[in-house]
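Quick notes on the structure that follows.
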Amino acid sequence: MSFHDLEIPETVLDIARKLESAGFEAWCVGGNLRDALLKHPHSDYDIATSAKPEQVQKLFARTVGVGIKYGTVGVLDRSRVLHEVTTFRQDVATDGRHAVVAYGASLEEDLARRDFTINAMAYHPLRREWRDPFDGAADLDARMVRAVGNPAQRFREDYLRILRAIRFAARFDFTIDPATWEAARAASPGLRQLSAERVRDEWFKSLRTARSITQLVMLWVHVGAAGIWIPELEGVEGFDNALPDPSPAARDPVLLTALLCRAPVAVLRRLKASNAEIGRAAALVKGPEEPSSLDQQSVRRWLAEVDAAADDLIALWSLRHGGEPPWTVAVTEIRRRGDPLTRSDLAITGSDLKALGTSGPRIGETLAALLDRVLDDPALNKRDTLVALARSML
Ligand code: ATP
Ligand code: MG
């Protein structure tokens, strides 16, 4: 990977100039440099600086304390776009889960605390100089994820790095350097100490970005992460054919977890996913997966039954079978016409039924019976017709 000049956006240059003219160092660092060298799309460059967070806050008119605990100040540019400016740090104490950081570090020290060589490069946006003390560019060439420094020690400092190594390997289709991999496997019991939230974030990000989900799952299984956090993955076989290219929109972590695991609700609970995410998984499991047949009546009944889960069920079916299900044609037509599918779509209400002399639980039962008729034949959904039908049911 030959180093070359990067095109740095004017907004980032402005921030760097301001820091440097106040006597501080300002470098572009981290994953965006890696992505730029790989010619992958990426967001704007993060900046690392010798200025302390308070000094950054003083220097810029509009800032937000996005990660002030970790020394990160968000600087808003004229278009109110946020740029992360983080003070050079050193880890002074680590326990496998969190780090106590100290400022006053040099760029070299800041790079040394980063996880992998490909994430530990720096570029000076004004002088157009590279710093690559751990040969990250060579590892990009070799398509290799390699820990900075002693891998066993680096994983002991923060066990999440085990899952990060796998995420980057699966995202770029890189191998993991043998010594780094051995250390990751040996350290994997430490993954138990992580919070469910951090593990979930890594799992979700990995599902969104992995080039091959099979490779991702195999790495989780072989490193020992699956056994601890998602043993459901241990029986999984390959199915990448059916998967869309990694793109955040097409890669839904809830759907993919449901595709991979028989009991996705239990997995998502364990990973402390949101109630909305757990609810989606529950609806997917509940199904039914598909309508009883392809005719419009059956498809309407299916839509009525699965309600908000219809699109997720269709997406899951598509992932499983590598193409859209044959009933999506009917679904599209039903939706385009706006066929009634729920009680509230009926042209008659509970109070109408009351006026007809119905009361108590009979009201609900009658509405259910009317909806049943309307699902068969949407043309019945007219007030007069339904009133007449309701009368006949009294
Ligand atoms: P992406 O944002 O695309 O997932 P990234 O490399 O930018 O990848 P971030 O989590 O945004 O990853 O972190 C930014 C940088 O901070 C990383 O490139 C790495 O240098 C450093 N870093 C992040 N997490 C850790 C960690 N747990 N241990 C050591 N360094 C880390
Ligand atoms: Mg990032």
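Quick note: the coordinates plus some simple rules give every number you see, no bench work behind them. None of the values given here were measured: they were computed from a predicted structure. Please note: Cβ atoms are built from the backbone with ideal geometry, for glycine as well, and neighbour counts cover all protein chains shown.
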*For region 1-66, what does the equivalent ellipsoid look like in terms of its semi-axes, each the square root of 5 times an eigenvalue of the Cα gyration tensor, given largest first in whole Å?*
24, 12, 10
*Report ³J(HN,Hα) in whole Hz for each residue of region 72-85, in order, from the Karplus equation J = 6.51 cos²θ - 1.76 cosθ + 1.60 where θ = phi - 60°; Gly and Pro get x.*
9, 10, x, 9, 8, 7, 4, 8, 6, 7, 8, 10, 7, 10
*Using the alpha-carbon centroid of each, what span in Å lies between region 87-138 and region 325-347?*
56
*Given the rule -39500 (n - 2.57) for each run of at least 4 DSSP H residues, summed and divided by the residues of the chain, what is its mean residue ellipticity at 222 nm, to the nearest 500 deg cm²/dmol?*
-14000 deg cm²/dmol
*For region 262-362: rounded, prolate or oblate by the Cα gyration tensor [a/c cutoff 1.5]*: oblate
*Calculate, in whole percent, how much of the Cα-Cα pair population of the chain lies beyond 30 Å.*
55
*Check the chain and count each lysine pair with an alpha-carbon distance under 27 angstrom, considering only pairs eight or more places apart or from different chains.*
12
*Taking the mean number of other Cβ atoms within 10 Å as a proxy for protection, how do you rank 362-374, 22-34, 120-132 from highest to lowest?*
22-34, 120-132, 362-374
*For region 343-393, what class follows from the C-alpha gyration tensor (a ≥ b ≥ c being the square roots of its eigenvalues): rounded when a/c is under 1.5, otherwise prolate if a/b is larger than b/c, else oblate?*
prolate
_Nearest-ten-degree value, helix 361-376 long axis tilted from longest Cα axis of the chain_ = 80
*Listing Thr117, Thr328, Thr86 from the residue with the fewest other Cβ atoms within 10 Å to the one with the most, what is the order?*
Thr328, Thr86, Thr117
*Counting Lys and Arg as +1 and Asp and Glu as -1, what is the net charge of the other residues whose Cβ lies under 9 Å from the Cβ of Val254?*
-2
*asked:* Using the crude model of +1 on Lys and Arg Cβ and -1 on Asp and Glu Cβ, and no other charge, please compute the dipole size for region 287-337 relative to its Cα centre, in debye to 20.
replied: 200
*Among residues other than Ala390 whose Cβ falls under 14 Å from its Cβ, what is the net charge (Lys/Arg +1, Asp/Glu -1)?*
+3
*asked:* Report for the chain the percent antiparallel among DSSP-assigned beta bridges with both residues inside it, nearest 5.
replied: 80
*If you rank Lys69, Lys39, Lys286 by fewest surrounding Cβ atoms within 10 Å, what's the result?*
Lys39, Lys69, Lys286
_How big is the dipole moment of the chain about its Cα centre under a simple scheme where the beta carbon of each Lys and Arg is +1, that of each Asp and Glu is -1, and everything else is neutral? Debye, nearest 20, please._
960
